[in-house]
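Enquirer: Below you'll find the structure I mean.
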Amino acid sequence: MLNIKSWFLIVAVGMVVTACTATPVAKEPQVNSQLTASPSSIVTSTALPINPPATCPITQPAAVPFTPPPPYPATPPASYVDQFWYGTQDLWTMLGDSGTWSDLPHNESGYTQKIFWWREGYDMSTEPNPALTVTGTRLDASTPPFMASGATNASADFGEAMLMGVDIPTAGCWKITGHYKGHELSFVVWVAP
């Protein structure tokens, strides 16, 4: 027969074993009743569409397209299907007809995109680190900060360019602005999930 101490020891060990092997009970999610931000300013996890909604004023080709000065081609080379020049001689870029950036690489900082920028007279040999900065603002919700790398230069079969890598923290409707030597160029794109 077990004495009282042995019996308590067996019960205590049994309780420990049961506690260690028991399946945890899922807790009901807690709702913060202190939340005061408006629903439209909160980034939610709801799936965004691949195509831009009508509420996103994407930049589209102009009725009279911008034509860069020589030696740049009047239209983007044929290998850049469905692309158009956008901007002025002071600063321009190449955009897609769809107004959408999709299938972008994704990492912890967001969606990564490289943006090429041109300017009449830009010479990468005299400006290896262009004085170009790029900012971004999401138009349809609040988000973590947009991040841009330092500008570098690039060369292609259609001329020298400035190149900037950006990390866009979330999908959605984004206004991107390039700033270069007192000139500014903005466009709107839909970043698809």
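Enquirer: Suppose we keep just the alpha-carbon trace of region 48-191; what are its Rg and Dmax in angstrom?
Expert: That works out to 14.9, 43 Å for Rg and Dmax.
Enquirer: Further question: What is the order of ASP90, ASP123, ASP167, fewest Cβ neighbours within 10 Å to most? Write out the running numbers ahead of the final one.
Expert: On the way: ASP90 15, ASP123 10, ASP167 21.
Least crowded to most crowded, the residues run ASP123, ASP90, ASP167.
Enquirer: Same structure again: Show log10 I(q)/I(0) for region 120-170 at q = 0.14, 0.32 Å⁻¹, two decimals, from a solvent-free Debye sum over equal Cα scatterers.
Expert: Each listed q corresponds, in turn, to -0.46, -1.23.
Enquirer: Now for a separate question. Net charge near PRO105, counting Lys/Arg +1 and Asp/Glu -1 over other residues with Cβ under 15 Å of its Cβ? All intermediate terms of the calculation are to be shown ahead of the outcome.
Expert: Working: positive: LYS114; negative: ASP103, GLU108, ASP167.
Charge balance near PRO105 sits at -2.
Only the coordinates and a few stated rules stand behind these numbers; no lab work does. Everything numeric in this text was worked out from a predicted model, so none of it was measured. Note: ideal-geometry Cβ built from the backbone for every residue, glycine included; neighbour counts use all protein chains shown.
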